[in-house]
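Single-structure report; data block below.
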Amino acid sequence: MSFTDKAPYKMFINGTWTNAENMKVFEVKNPATAEVIGTVPLGSATDTKKALDAAQNAFKSWSRLPARKRGEYLEKIKDLLIENIEELAVMITMESGKPLSEAKGEVLSAAENFSWYAAEARRVYGEVIPSDDAKKRILVIRQPVGVAALITPWNFPLNILGRKVATALAAGCTIVAKPAEQTPITAILLWRILEKAELPDGVANLVTGDPVEIGKEILDSPIAKVIGFTGSTAVGKLLMQGASKHVKRLALELGGHAPFIVFEDADLELAAKAVVRNKFRNTGQMCGCANRVYVHEHVYDAFTEKLSVLVKALQVGNGLEESTEVGPLIDEQGLDKVKQHVEDALRKGATALVGGCALENSQGFFYQPTILVDVHKEMDIMREETFGPVVPVTTFTSEEEVINQANDSQYGLYAYFFTKDADRCIRVYESLEYGMVGINESLITAIQAPAGGFKESGLGREGGHWGMDEYLEIKYVTHTLSSEAN
Ligand code: ADP
C-alpha cells in the first residue's frame, strides 16, 4: 500500500492513531481544483488534553536520553523523509497548491533540518565560570524546557513543522503539534514517518482540528512550557495574552512586510530576477516575500521593463503540472485578500502594469501574476501582508529617504537590497530594523542562520544553534567545596 494512501487520516496521541473523541471530521481541499482530498479529525480540547498528558509522561525518559540517541532518531527521520520524497511532495502540492518542484525542495529542507538538529543535540554545552571564592564553583547548564506545543501554518506545511519538531526533540522536549487546518494531511504523513522511526510513545503527539479550542487548552493547561508558533501577528498576540496565565515561554515567527530596495548602481537584471524568484515563490505566500519594491528614480524605467518581461512569462497552473511556476492561492479567503488589496490600490491611484485580476474560468483560487506601479503608503498593500502574487513598485531619490520608508512598518522580518557599493551595504544593513537582511539576494533562509523578526514580527529565533535556545532553560548551579583541603 502506498505511504500516502492510508486514509482515513487520524491524529497521533501517545503512540496510537486516533479519531477525535467526538468523532467529528473536517474536509481538506486542493486549492487548484477546490476538490476534497481527504477528511481529518476535528480534534477538540479533550483530545488536546490527552496529547498533553502523553507528552508530559514521556518527558522524563526522553529528556534523559543521551543526546546522541535522540540524534539517531532524528537521522532516521531524515532518511525516511528522503526515501518518501515523491509521495510527500505530491501531497504538499495537493494540499498547499505550490509547484511540485518547490514541494520537493521543501521535503529536502525538512530533511536537512532533522540532520542539522540531530547533530545540534550533542552541542548543548554548559559553562564553568571562575568564582570570586576559592572554595566555590559556578556552573551553568542548559536543560530542556519541558513539553513544547508547536502550532504551524499552511504555507510550508512540512518544513516549518519539521523544523520545530526537529529542534524541540533535539533539545529533549516532548511535543504536541497542531498543524494548520488547510494542510493537516502533510503533517499526518510526517507523523507516519515519526512512527516508522519508532520514537517512544508520547514523545511526539499530533492533534488536528479546531484552532481556537486546541489553542485554548494548550494555554489553559500548565503542561506545555513553551509554545513554538509560526503564523499571523494577530494570532501571535492572542497567544502572548493567553500565555501569561502560566507564564509560558514563546517562540513566535509572525507576519512580515519586506522592503526590497534597488539602488541606482544595482545589477538590474539580477535584481529583477531576484524579485520574481522571491515574490512568486509559493504564489507570494511567504512571510519573506517582498511587499514593497523601492527603485531609485534613475533606474526605475529600465528596472520595471525587465521585471514586466519576466512576470508576463510566468506559467500559472496546477502545481502537479510540470510547466507550472505559480500555483493557486491557498483558499477563497486568501484569494479575496489579494483581490481587495489590488482593488484598494487601483482605487487610490495605482496602475496595473501586468495582471491585476483573478484568473477567469478556473475552479481553483488563481490570481494573475501582477505588477502595480504608482503605489503609495496610504494603500493597504503597502502596509499589510498581501500573501499573493502581486509586486507593488515605487521610486525613491535618496538613501536616507528609502531607509526611512523601509523602516516605516510595524513589522521587521525580512528586508532586501541590491547595490554594488560596499560602504552603502554597511550603512544600510546597520540601519534596517529587520531580523533578516539579504544583500544582492532574495531567498536567504539558511539552516545555519537565525530566522526571526524585530518589532511585531516575533520573538526568538529559529535555525542554527540559536533555535535550540527557545527549547532550553538555563540553570545556574553554585557548588561550595565541603572539605577544607582544596
Ligand atoms: P494564517 O493567516 O497564515 O493562516 P494564522 O495565524 O491564522 O495564520 O494560523 C497559523 C496557525 O495558527 C494555524 O495552525 C492556525 O490553525 C493556528 N491558529 C489560528 N487561530 C488560533 C488560535 N486562536 N489559537 C491557537 N492557534 C490558532
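The values are calculated or read from the model by the stated rules, or taken from the named source; none is laboratory data. As the structure is a computational prediction, the values presented were derived from the model and not from experiment. Reconstructed Cβ throughout: ideal geometry from the backbone, glycine too, with neighbour counts over all protein chains shown. When the accessible area is computed, the model is the full protein with side chains, heavy atoms only, and any ligands, DNA or RNA have been set aside. Shrake-Rupley method; radii C 1.70, N 1.55, O 1.52, S 1.80 Å.
The single condition among (1) outside any strand (DSSP E or B); (2) closer than 30 Å to Asp265 by Cβ that Ser482 does not satisfy is (2).
Just one of the listed residues (Lys420, Lys475) is under 22 Å from Leu250 (Cβ atoms), loosely packed, with under 14 Cβ neighbours inside 10 Å and touching a residue at least 60 places away in the same chain (Cβ under 8 Å), and it is Lys475. When Ser101 is tested against (1) among the polar types (S, T, N, Q); (2) without any contact (Cβ under 8 Å) to a residue 60 or more places away in the chain; (3) buried (at least 20 other Cβ atoms within 10 Å of the Cβ), just one condition goes unmet, and that condition is (3).
The set of residues in region 105-128 being open to solvent by less than 40 Å² (accessible area, probe 1.4 Å) and among the aromatic types (Phe, Trp, Tyr) consists of Phe114, Tyr117. In region 36-55, of all residues being of a type outside the set (A, V, I, L, M) and out of contact with any Gly (no Cβ under 9 Å at 6 or more places or on another chain), the one that is farthest from Ile218 (Cα to Cα) corresponds to Gly38. Among the residues making up region 452-472, none is under 18 Å from Ala224 (Cβ atoms) and surrounded by fewer than 16 Cβ atoms within 10 Å (Cβ to Cβ).
Quick one: is Lys78 without any contact (Cβ under 8 Å) to a residue 40 or more places away in the chain and open to solvent by 20 Å² or more (accessible area, probe 1.4 Å)? Against the criterion (without any contact (Cβ under 8 Å) to a residue 40 or more places away in the chain and open to solvent by 20 Å² or more (accessible area, probe 1.4 Å)), Lys78 does not qualify. Within the set Ala20, Ala45, Ala55, Ala34, the sole residue that is small (Gly, Ala, Ser) and crowded, with 23+ Cβ neighbours inside 10 Å turns out to be Ala55. For beta carbons closer than 7 Å, sequence separation of 6+ or different chains, a first residue in region 145-172 that is of a type in the set (Lys, Arg) and a second that is modelled with pLDDT of 95 or more, the qualifying pairs are Arg163/Asn113; Arg163/Glu462; Lys164/Leu150; Lys164/Thr152; Lys164/Gly228. Of the residues making up region 299-324, those that are closer than 18 Å to Ile92 by Cβ and out of contact with any helix residue (DSSP H, G or I) (no Cβ under 9 Å at 6 or more places or on another chain) number 1. Do you know which of the residues in region 328-350 that are away from the ligand (no atom under 16 Å from the Cβ) and touching a strand residue (DSSP E or B) at 6+ places or on another chain (Cβ under 9 Å) is nearest to Ser362 (Cα to Cα)? Checked region 328-350; the qualifying residue nearest to Ser362 (Cα to Cα) is Lys339.
So is Lys196 within 14 Å of the ligand (Cβ to nearest atom), over 15 Å from the mean Cα position of the chain (by Cα) and either open to solvent by 10 Å² or more (accessible area, probe 1.4 Å) or hydroxyl-bearing (Ser, Thr, Tyr) (or both) or not? In short, no.
Answer yes or no as to whether Ile403 is closer than 13 Å to Ala258 by Cα, β-branched (Val, Ile, Thr), at pLDDT 95 or above and not in a loop (DSSP other than H, G, I, E, B). So Ile403 fits the description; yes. Condition check for Leu250 on (1) within 15 Å of the ligand (Cβ to nearest atom); (2) hydrophobic (A, V, I, L, M, F, W, C); (3) crowded, with 23+ Cβ neighbours inside 10 Å: one failure, at (3). Taking the stated definitions as given, is Asp201 in contact (Cβ under 8 Å) with a residue 60 or more places away in the chain, away from the ligand (no atom under 16 Å from the Cβ) and surrounded by fewer than 24 Cβ atoms within 10 Å (Cβ to Cβ)? It is true that Asp201 is in contact (Cβ under 8 Å) with a residue 60 or more places away in the chain, away from the ligand (no atom under 16 Å from the Cβ) and surrounded by fewer than 24 Cβ atoms within 10 Å (Cβ to Cβ). In the set (1) assigned to a loop (DSSP other than H, G, I, E, B); (2) more than 8 Å from the ligand (Cβ to nearest atom), the condition left unmet by Gly228 is number (1).
May I ask you to list the residues in region 418-446 that are hydrophobic (A, V, I, L, M, F, W, C) and closer than 24 Å to Val276 by Cβ? Matches in region 418-446: Phe418, Cys425, Val428, Leu432, Met436, Val437, Ile439, Leu443, Ile444, Ala446. Looking at the structure I just gave you, is Gly236 within 12 Å of the ligand (Cβ to nearest atom), within 25 Å of Leu169 (Cβ to Cβ) and either within 18 Å of the chain's Cα centre (by Cα) or not in a loop (DSSP other than H, G, I, E, B) (or both)? Here the answer is yes, as Gly236 does meet what is asked.
The residues on offer are Pro184, Pro222, Pro211, and the sole one that is more than 18 Å from the chain's Cα centre (by Cα) and either more than 7 Å from the ligand (Cβ to nearest atom) or open to solvent by 10 Å² or more (accessible area, probe 1.4 Å) (or both) is Pro222. Scanning region 284-336 for residues that are within 19 Å of Tyr416 (Cβ to Cβ), β-branched (Val, Ile, Thr) and open to solvent by less than 10 Å² (accessible area, probe 1.4 Å) yields Val293, Val295, Val311. Among the residues of region 269-283, just one is open to solvent by 10 Å² or more (accessible area, probe 1.4 Å), in contact (Cβ under 8 Å) with a residue 60 or more places away in the chain and hydrophobic (A, V, I, L, M, F, W, C), namely Leu270.
Residues checked against (1) at pLDDT 95 or above; (2) outside any loop (DSSP other than H, G, I, E, B):
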position	(1), (2)
Gln363	no, no
Leu372	yes, yes
Thr386	yes, no
Val393	yes, yes
Phe417	yes, yes
Ile426	yes, yes
Glu433	yes, no
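In region 175-196, the residues that are among the β-branched types (Val, Ile, Thr) reach residues that are assigned to a loop (DSSP other than H, G, I, E, B) with C-beta atoms within less than 7 angstrom, at least six apart or across chains, in these pairs: Val176/Val207; Thr183/Trp154; Thr183/Pro157; Ile185/Tyr9; Thr186/Pro157; Thr186/Leu158; Ile188/Tyr9; Ile193/Asn84.
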